[in-house]
1. Please report 111, 94 as a ranked list, fewest other C-beta atoms within 10 angstrom at the top and most at the bottom.
2. What are the residues whose amide H is under 5 Å from the amide H of residue 44, where those residues sit 5 or more places off or on another chain and H is modelled from the backbone?
3. Give, rounded to the nearest 20 debye, the magnitude of the charge dipole that the chain has about its Cα centre when Lys and Arg contribute +1 at Cβ and Asp and Glu contribute -1 at Cβ.
4. Divide by every residue of the chain the summed helix terms, -39500 (n - 2.57) for each DSSP H run of at least 4, and state the resulting mean residue ellipticity at 222 nm, rounded to the nearest 500 deg cm²/dmol.
5. Using Cα springs under 10 Å in a Gaussian network model of the chain, which residue among 54, 134, 98 shows the largest mean-square fluctuation?
6. Of the residues 139, 118, 127, which exhibits the maximal mean-square fluctuation in a Gaussian network model of the chain defined by a 10 Å Cα contact cut-off?
7. I need to check one value: relative contact order of the chain, counting alpha carbon pairs closer than 8 Å and at least 6 residues apart, in percent.
8. So for the range 54-138, averaging the separation of alpha carbon pairs under 8 Å that are six or more residues apart and normalising by length, what relative contact order in percent results?
Amino acid sequence: MSSIVQKIEEYLKPALKDLGYVIVRVYLFGHGKNRTLQIMLEKNNGDSVNMDDCEIASKEISVLLDVLDPIKEHYNLEVSSTGLERPLVKKEDYVRFCNNQVLVKTYTSKYNQKVFRGILEHADDTGIRLILQCPLENGDISIKLEYDEISSAHLNNPIKF
């Protein structure tokens, strides 16, 4: 996470918590006039936010960002819910969503693939274990991945098994 994104997240966290929201992810992407600061939220109790929640949070975030002024060039602010394919960003996310179907992408190829789909069986301080939807080429039906190997992960079908 870039230092500017970390700074924004830490700055916004207390005010959003007071409003009943938790930051899932802060993501800054694009260039020039197409630069976007995306702030993905959910409610403190883990429920999804709705449009009214996004509007309330967006107003608060805009005021706070005007004071902090962390991004000197033009950018668009996007406040959103996690959606059905909620990203797994923090270790706590992986622990929380054990027994859910996920899609995980790795930085480098493991067993000749970089995308793994399956049930998130276990998560701890170092990594995760997936029960795979399709066996690996060596026949294994599970894989252990360290967090530093994971480039991205999200719920793939948020139905508990």
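1. 111, 94
2. 21, 22
3. For this selection, approximately 340 debye.
4. Helix contribution divided over all residues of the chain: -8000 deg cm²/dmol.
5. 134
6. Its mean-square fluctuation being the largest, the pick is 139.
7. After rounding, I find 19 percent.
8. 20 percent
No lab work stands behind these numbers, since they all come straight from the coordinates. Source: prediction; values computed, not measured. All Cβ positions, even for glycine, are placed from backbone atoms using ideal geometry, and neighbour counts span all protein chains on display.
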